[in-house]
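Trainee: Structure incoming, see below.
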Amino acid sequence: MDRARHLRNYDLHSWTGITLGLIVYIVALTGTFALFDNEIKTWEDPNLRVAISDETPAINDVFSNWVEETSAGGTELEFVRLNYPTTYTPYFWGFIQYHDENDEHVNANQKWNAETGEPIAERGNGLSYWTLNFHRDFLWPSFLGGRQIGRWLVGIVGVVLMLAILSGVVAHTKIREEAYSMRLKRSQRLKWQDSHKVVGLWGLPFYAMIAFTGAFLGVVGLVSQLAAAVAFKGDIDSLIGAVLGPEAERTGVQVQMLSADEIAQIRHPETGEQPLSFVVQNYGDETSEIDIFYAPETQLSTVEIISVDGATGERITDDPFKEQPLAGHFVNAMSPLHYGTYGGIWLKFLYFALGLSLSVITALGSMMWIERRKHGNEGTKSETFYNRLGYFNTGVIMGLPVAAISIFYLDKLYVGAESGRLAATGFVYLGVWVIGLVYAFIRRNEYSTTRELLMLTGALAMGIPVLNGITTGDWFFAHLSADHSVAAWVDFGMLVCGAVTVAAGYLSPAERKTKRRPNAKIAASPEAAAIPAE
Amino acid sequence: MSPVTMGILIVIVGLLGVATWKAPRLTSIILWSLVAAILFGAVLLLTLPFEFRSLALWLSLAVPLIWLGFQFFCYWDKKGWRVASALITISIVSGVVVAMVPAPV
């Protein structure tokens, strides 16, 4: 590769990192928490810490009464859904969507106890909802266009990450040598640079996969649909019809629907699995169809669907749109691949470690960029400018984990109305993050700020099992081998991660160490040539 | 189209022209790569001789990669003007094909 092209590519890598690196960092770090969405759900709500029985209890009367009563004032029931109890959601969960008298879409949902069928009091969205959705769409506010905009932004971050990975791989012409090069005794900057390259190269397949699946999950809703809409000259209904098949129109002839209890007994013909949930289209009409969702045979798929007639329960096999094409299997694999749901808890731990390393790489990248300009000859702005940029960078990077942990405390200490729980969660999360940012500016030392906020994060994480024990009475050591031990393992995981984080903070330098110039051999290398000596 | 809308469109096109002239690579990586990816994706959807539903799903996987490829090209080619003109040409040709080929029924 000629030098000019190499430099252009290097600039591309560097500028994608510095312009959107912090957002990539935010998405990556919040993603490591979002991996444990189900586990955190169980931790946050003590009512979910129950084991479910193998046999699904009767629910049909309760469910169908609720459907009829809730949609009574509406004009058209669009769909009905019921989730059966599972380990992470040990309750029945019904959803309906209908048109009200003003022809507006209305959604409603209700949970029932898995043993008694009694309605469960709604717990407001909070910790787990924020953790998952901040990663998915930043919970983008409606006055700025709503959450779909946020989802697109996160998807674009995935594309930017892919671009950074591609340009990074092309920029490194000596991959084999660099994958083993860790000069820990050299300058701070070389340490960061080597860590950036080594971790980046070893984790490359994972980062490429997570970037692509993330881009797909976020941006496919924008770019691919736009492409399809352009092909259909804006006729979205025809487009949906061509991909998903035509919608069956209601005839108005009422039929007795298959009951929720009967559907619960329809096992998967090949795997013998019990249904996880079902969705009814045209509820109560002779054209009604029920899509029954099962755990997939392969974990690299979200669900497996079998469609049956709403009245007779006969399987529908003559509809080509119910067949899953090969491409559909690939598309379905995107979410399990991205969230690591296809291989048990140990795979999630591996994802956690790799996701954390991605956050570290992006953080190191932005730190190196500032360091080179502040202490090298690449900077064109004043030292004050780069100092402030450094404080901002450190505050954003180190404030985020503190914020992510602080909402665990809010969840257990919150005393307000359930309807305000999510707002309070957001307020504390963003507030603590801003405090971290302000602290970095007050401290005026990136090294001390990093060290102190790292230790604070660790200490807060170590306090989570104590918080849970005091507020719910569930001390983790007594539940690690219980029937439902998920929350106890969250506590245990926080304890271990907290201890490691405190140790990492303790071992971090409190200020920048100045080293002598790198030797002539290093200085002569093509990449070191771009790095000014300290 | 009202004169006001027409005026706004002309201003936007003019500004895009200036931006492309002054910073062809930057404008291309931010804008023209996306426009070209969307229109080229639409052309593939209309012209490739495969079963429509499968093709749409495959393209939903491919379009982000096509976009990535165009973005990477923006800083790969030696000449900035060639990057911009290539992407604009792809967009225009794709737009013409989309306009001429009817949507699948």
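The values are calculated or read from the model by the stated rules, or taken from the named source; none is laboratory data. Since we're looking at a predicted model, the values are computed, not measured. Cβ placement follows ideal geometry from the backbone for every residue including glycine, while neighbour counts extend to all protein chains displayed.
Residue-wise test of (1) acidic (Asp, Glu); (2) more than 14 Å from every other protein chain (Cβ to nearest Cβ); (3) assigned to a helix (DSSP H, G or I); (4) closer than 20 Å to A:GLY17 by Cβ.
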{"position": "A:LEU139", "(1), (2), (3), (4)": "no, yes, no, no"}
{"position": "A:GLY150", "(1), (2), (3), (4)": "no, yes, yes, no"}
{"position": "A:VAL154", "(1), (2), (3), (4)": "no, no, yes, yes"}
{"position": "A:VAL159", "(1), (2), (3), (4)": "no, no, yes, yes"}
{"position": "A:SER167", "(1), (2), (3), (4)": "no, no, yes, yes"}
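Trainee: Could you say which residue among A:LEU166, A:LEU201, A:LEU127 is within 26 Å of A:MET1 (Cβ to Cβ) and in contact with a Leu (Cβ under 8 Å, 6 or more places away or on another chain)? Show your work before the answer.
Mentor: Details: A:LEU201 fails: in contact with a Leu (Cβ under 8 Å, 6 or more places away or on another chain); A:LEU127 fails: within 26 Å of A:MET1 (Cβ to Cβ).
Criteria check complete, one pass: A:LEU166.
Trainee: Turning to a different aspect of this structure: Can you tell me which residue in region A:121-132 is nearest to the chain's Cα centre (by Cα), limited to those that are of a type outside the set (Phe, Trp, Tyr) and assigned to a helix (DSSP H, G or I)?
Mentor: By that ranking, first place goes to A:LEU132.
Trainee: Sticking with this structure for a sec: Pick from region A:203-247 the residues that are among the small types (Gly, Ala, Ser) and touching a Ser or Thr at 6+ places or on another chain (Cβ under 7 Å): which of them is modelled with the highest pLDDT? Explain how you work it out, then say what you get.
Mentor: As a first pass, look at region A:203-247 and keep what is among the small types (Gly, Ala, Ser): A:203, A:208, A:211, A:214-215, A:218, A:221, A:224, A:227-229, A:231, A:234, A:238, A:241-242, A:245.
Keeping just the survivors that are touching a Ser or Thr at 6+ places or on another chain (Cβ under 7 Å) gives A:203, A:224.
Details: A:GLY203: 90, A:SER224: 72.
Applying the filter and picking the extreme gives A:GLY203.
A quick yes/no check of all residues on (1) in contact (Cβ under 8 Å) with a residue 60 or more places away in the chain; (2) surrounded by fewer than 21 Cβ atoms within 10 Å (Cβ to Cβ):
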position: A:PRO57; (1), (2): yes, yes
position: A:ASN65; (1), (2): no, yes
position: A:LEU77; (1), (2): yes, no
position: A:THR87; (1), (2): yes, yes
position: A:TYR98; (1), (2): no, no
position: A:ALA108; (1), (2): no, yes
position: A:GLY150; (1), (2): no, yes
position: A:LEU153; (1), (2): yes, yes
position: A:LEU166; (1), (2): no, yes
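Trainee: Give all pairs with beta carbons closer than 8 Å in which a residue from region A:127-146 that is within 17 Å of A:ILE405 (Cα to Cα) meets a residue that is at pLDDT 90 or above and of a type in the set (Asp, Glu); count only pairs at least 6 apart in sequence or on separate chains.
Mentor: Note: pairs meeting the criteria are A:LEU127/A:GLU44; A:LEU127/A:ASP411; A:SER128/A:ASP37; A:SER128/A:GLU44; A:THR131/A:ASP37; A:LEU132/A:ASP37.
Trainee: Could you pull out every one of the helices (runs of 4 or more DSSP H) wholly within chain B that has 2 or more residues that are within 14 Å of chain A (Cβ to nearest Cβ)? Even if it seems obvious, please write down each step before you answer.
Mentor: Values: elements: B:3-22, B:24-27, B:33-47, B:52-74, B:80-100.
Result: B:24-27, B:33-47, B:52-74, B:80-100.
Trainee: While we're here: Scan region A:444-465 and give yes if some residue there is free of Cβ contacts under 8 Å to residues at least 24 places away in the same chain, out of contact with any Leu (no Cβ under 8 Å at 6 or more places or on another chain) and outside any loop (DSSP other than H, G, I, E, B), otherwise no. I'd like the intermediate steps shown before the answer.
Mentor: Start the filter on region A:444-465 by keeping residues that are free of Cβ contacts under 8 Å to residues at least 24 places away in the same chain, which leaves none.
Within region A:444-465, not a single residue is free of Cβ contacts under 8 Å to residues at least 24 places away in the same chain, out of contact with any Leu (no Cβ under 8 Å at 6 or more places or on another chain) and outside any loop (DSSP other than H, G, I, E, B).
Trainee: From the residues in region A:404-434 that are under 14 Å from A:GLU44 (Cα atoms) and of a type in the set (Phe, Trp, Tyr), which one is nearest to the chain's Cα centre (by Cα)?
Mentor: A:PHE408
Trainee: I would also like to ask the following. Please verify whether region A:304-312 includes one or more residues that are of a type in the set (D, E, K, R) and either under 23 Å from the mean Cα position of the chain (by Cα) or assigned to a helix (DSSP H, G or I) (or both). If you could, list the steps in order and put the result at the bottom.
Mentor: Quick first cut of region A:304-312, residues of a type in the set (D, E, K, R) only: A:304, A:309.
Cutting the leftovers down to either under 23 Å from the mean Cα position of the chain (by Cα) or assigned to a helix (DSSP H, G or I) (or both) gives us A:304.
Looking through region A:304-312, at least one residue is of a type in the set (D, E, K, R) and either under 23 Å from the mean Cα position of the chain (by Cα) or assigned to a helix (DSSP H, G or I) (or both).
Trainee: Of the conditions (1) within 14 Å of chain B (Cβ to nearest Cβ); (2) over 19 Å from A:GLY328 (Cβ atoms), A:VAL255 clears all except one; give me its number.
Mentor: All conditions are met except number (1).
Trainee: Quick check on my filter: what residues within region A:193-234 are more than 9 Å from every other protein chain (Cβ to nearest Cβ) and aromatic (Phe, Trp, Tyr)?
Mentor: Listed by number, the residues that qualify are A:TRP202, A:PHE206, A:TYR207.
Trainee: Another one. At pLDDT 90 or above, under 31 Å from the mean Cα position of the chain (by Cα) and of a type in the set (D, E, K, R) - does that describe any residue in region A:133-150?
Mentor: yes
Trainee: Additional query: Within region A:267-288, track down each residue that is in contact with a strand residue (DSSP E or B) (Cβ under 6 Å, 6 or more places away or on another chain) and farther than 16 Å from A:ILE96 by Cβ.
Mentor: Selection gives A:HIS268, A:GLU273, A:PRO275, A:LEU276.
Trainee: If you go through region A:233-250 one residue at a time, do you hit one that is more than 32 Å from the chain's Cα centre (by Cα) and crowded, with 18+ Cβ neighbours inside 10 Å?
Mentor: Checked against the condition, which is being more than 32 Å from the chain's Cα centre (by Cα) and crowded, with 18+ Cβ neighbours inside 10 Å, region A:233-250 yields no hits at all.
Trainee: Every residue in region A:336-361 that is modelled with pLDDT under 90 and hydroxyl-bearing (Ser, Thr, Tyr), please.
Mentor: Within region A:336-361, A:THR341, A:TYR342 meet the criteria.
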